[in-house]
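K.L.:
Just dropping this structure here.
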Amino acid sequence: MIAILLIAIQTSFASVSHASGTVYSYKWGTGADVTKNSLIKKNIPKSNITNKVLKAAKTGTPIVKFGNGNGPRTLIVAGVHGSELSSQVSAMKLINYLNKKKVIKGTIYVIPFIAPKATSANIRFYNGNNLNKIANKKGSITNKVVKFAKSKNIQAVGDFHCTMPGGLPGKNIILGTKNPTLKSAKMAIAISKLTKHPYKNEYQAGKSYPGALEDVLNLKKIPSVTCEVKTPHGKIAKGSITSSYKQMIAFLKYNKNI
C-alpha cells in the first residue's frame, strides 16, 4: 500500500532536495524554458538553486519549499501573468535569499513562475486565458494553486503582480479584502506600513474581481493579498524588482516567517 502511494505521488510532481530549499515540479502542463525570456535570464540570480528551479520549470510549475517546522505556513506566488516580469525575478531573488538563511520559522512555499510557458514567451495570458479571472474554474492553473494551498494548510498567501503605468491600479500598491477574511485587510495595512506603498481594501472578496486568485483564496478562508509594482508589461522598470522584493519580505515579516 505504501509503495502504491509513493508511485501516485511521484506521478504528480518530482522533487529535488537542496541544503535549505526543496524544489518541486508540478506536472500541470505548464513547463517551458523561462530563460528564453532574455529579461528573466539577465536578471535572475545565478546559483545552484536557481538552476534547480529553472530545470523544474521546464517540466511544470516550480514550487520551492523552505522550512518544515511548527509555525506559520505561507505561500508566495508570482507569474500569474507571464509578462509581469519584475515580480517573477523578485521571487527568484527571494528564493536565493531564503536558501541562505539558517532559520526559517514555520514553512514557506514560493512559486516563482506559475505558468512557465507564458513567462518564456513573455506573454500575459496562458493558453489564451487570463489566469487571474479563472481561479474559481476547476482545472485552471490558478485553481490548482488554490487546491495546493488548501492541501498544505497554508495560512496566508501573497500574490505578486506588476501593473502598467496608466493602467489599473497603475502604481505600487497592496490590495486586500475585509470579508470574509479580515486578516487579508490587516496584512495589506501591515505590508503598506513596512514598504511605504499605499493599500486598498475591498469590502467583499469576489465582488470587484471574481475569479482573481486572491479573491478565491479569501473566499476559501485563506487570507491573501495582491501586491502590485509599477512597470510596463514585458519589461522591467528601474527599481521595480527592488519594490516587489520589499513587498515579499514585508509579507514574510508580517507572518513571522523571518
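Laboratory data are not the source of any read-out in this text; all were calculated from the coordinates shown. What you see is a predicted model, and the numbers here were worked out from it, not measured in a lab. We place every Cβ from the backbone using ideal geometry, glycine too, and count neighbours over all the protein chains shown.
K.L.:
State the percent of C-alpha pairs, over all pairs in segment 52-165, separated by a distance greater than 25 angstrom.
P.N.:
19 percent
K.L.:
Could I ask something else about it? Once Lys and Arg get +1 and Asp and Glu get -1 on their Cβ, which of 231, 130, 32 lies farthest toward the positive end of the dipole of the chain?
P.N.:
231
K.L.:
Oh, and also: Principal axis lengths of the chain from Cα atoms, whole Å, largest first?
P.N.:
Projected onto its principal axes, the Cα set of the chain covers 49, 38, 38 Å.
K.L.:
Can you pull the one-decimal nm distance between simple spin-label points at residue 235 and residue 127, each 7 Å off the Cα toward Cβ?
P.N.:
3.2 nm
K.L.:
So what is the 222 nm mean residue ellipticity for the chain from helices alone, if each DSSP H run of at least 4 adds -39500 (n - 2.57) and you divide by all residues, rounding to the nearest 500 deg cm²/dmol?
P.N.:
It lands at -11000 deg cm²/dmol.
K.L.:
Let me ask something else about it. Quick check on segment 66-254: of the DSSP beta bridges with both residues there, what percent are antiparallel, nearest 5%? Can you show the working numbers first?
P.N.:
Values: 5 of 27 bridges.
Of those bridges, close to 20 percent are antiparallel.
K.L.:
List the residues whose amide H sits under 5 Å from the amide H of residue 204, counting only those 5 or more places along or on another chain, with H placed 1.01 Å from N in the peptide plane.
P.N.:
For residue 204, the qualifying residues are 178, 179.
K.L.:
Please say if segment 111-258 is rounded, prolate or oblate, where rounded means a/c under 1.5 for a ≥ b ≥ c the square roots of the C-alpha gyration tensor eigenvalues, and otherwise the choice is prolate for a/b larger than b/c and oblate otherwise?
P.N.:
Rounded, because the longest to shortest axis ratio a/c is under 1.5.
K.L.:
Related question: Scan around residue 230 for amide H atoms under 5 Å from its own, H built in the peptide plane at 1.01 Å from N, and keep only partners 5 or more places away or cross-chain.
P.N.:
163, 172
K.L.:
Residue by residue through segment 92-101, which ³J(HN,Hα) values in whole Hz follow from phi under the Karplus form 6.51 cos²θ - 1.76 cosθ + 1.60 (θ = phi - 60°), with glycine and proline marked x?
P.N.:
These are the phi-based 3J(HN,Hα) values: 5, 5, 5, 4, 5, 5, 5, 5, 9, 6 Hz.
K.L.:
Here is a follow-up. Using label points projected 7 Å from each Cα along Cα→Cβ, tell me how many nm separate residue 171 and residue 33, to one decimal.
P.N.:
So the two model labels end up 4.2 nm from each other.
K.L.:
Another question, if that's okay. Using a 7 Å offset from the Cα along the Cα-to-Cβ direction at both residue 153 and residue 242, what is the distance between the two label points in nm, to one decimal?
P.N.:
Roughly 4.0 nm, to one decimal.
K.L.:
Can I ask one more? Which of the residue pairs 133/235; 27/178; 133/253 have a Cα-Cα distance greater than 25 Å in the structure shown?
P.N.:
Values: 133/235 23 Å; 27/178 34 Å; 133/253 29 Å.
Flagged as over cut-off: 27/178; 133/253.
K.L.:
Also, I was wondering about something else. Across segment 68-73, in residue order, what do the Karplus-derived ³J(HN,Hα) couplings come to in whole Hz, using 6.51 cos²θ - 1.76 cosθ + 1.60 with θ = phi - 60° and x for Gly and Pro?
P.N.:
8, x, 5, x, x, 10
K.L.:
Give me the extension gain from residue 186 to residue 138: residue separation times 0.36 nm, minus the current Cα-Cα distance, reported in nm with one decimal.
P.N.:
Gain on stretching residue 186 to residue 138: 14.4 nm.
K.L.:
Give me, ordered by chain and number, the residues 5 or more places off residue 76 or on other chains with an amide H under 5 Å from its own placed amide H.
P.N.:
The list, which skips near neighbours in sequence, is 109, 110, 111, 158.
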